[in-house]
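Rule-based calculations on the coordinates, nothing more; no lab input. As the structure is a computational prediction, the values presented were derived from the model and not from experiment. Here the Cβ is made from the backbone with ideal geometry for all residues, glycine too, and neighbour counts use every protein chain on show.
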Amino acid sequence: MAIEGVDIIRSAAFLGAGFCMGLGAIGPGVGEGMAAAKACEAIGKNPKEAGLLTRTMLVGQAVTESTGIYSLVIALLLLFVV
């Protein structure tokens, strides 16, 4: 059983997809955690503005999550197209 070029390319695509999702999930995870923490602090200081703060936090988290979705798309392309 010999290792051919197709096998090397396939294994590199699998490794690339793993690294893509691993590194691509760190940023959104940390960013969303920090946003939620700051929103909780702000609601604790000013409970009357809880609705506005929650709405703003969720919009910010949706924008942050888009980078994780982009890395998922790239990983899926590496797995199924390459």
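Could you give the length gained on full extension between Leu79 and Asp7, defined as 0.36 nm per residue of separation minus the Cα-Cα distance, in nm?
24.6 nm
At what distance in nm do the modelled label points of Phe14 and Lys38 sit from each other, each positioned 7 Å from its Cα along Cα→Cβ?
For the pair Phe14/Lys38, the computed spacing is 4.1 nm.
Where does each of Leu79, Leu53 land when they are ranked from fewest to most other beta-carbon atoms within 10 angstrom?
Fewest-to-most Cβ neighbours within 10 Å comes out as Leu79, Leu53.
May I ask for the angle, rounded to the nearest 10°, between helix 5-45 and the longest principal axis of the chain, with both axes built from Cα atoms and the value confined to 0 to 90°?
0
If you line up the long axis of helix 50-80 against the longest principal axis of the chain, both from Cα atoms, how many degrees apart are they, to the nearest 10?
Orientation of helix 50-80: about 0 degrees from the principal axis.
Nearest 500 deg cm²/dmol is fine: what mean residue ellipticity at 222 nm does the chain get from its DSSP H runs of n ≥ 4 alone, each adding -39,500 (n - 2.57), divided by its residue count?
-32000 deg cm²/dmol
Taking percent of Cα pairs over 21 Å apart as the quantity of interest, determine which of [x] 25; [y] 13; [z] 49 was computed from the displayed structure.
Of the labelled values, this structure produces [z].
Can you figure out the FRET efficiency of Leu23 with Asn46, using R₀ = 41 Å and their beta-carbon distance, to the nearest 0.05?
0.70
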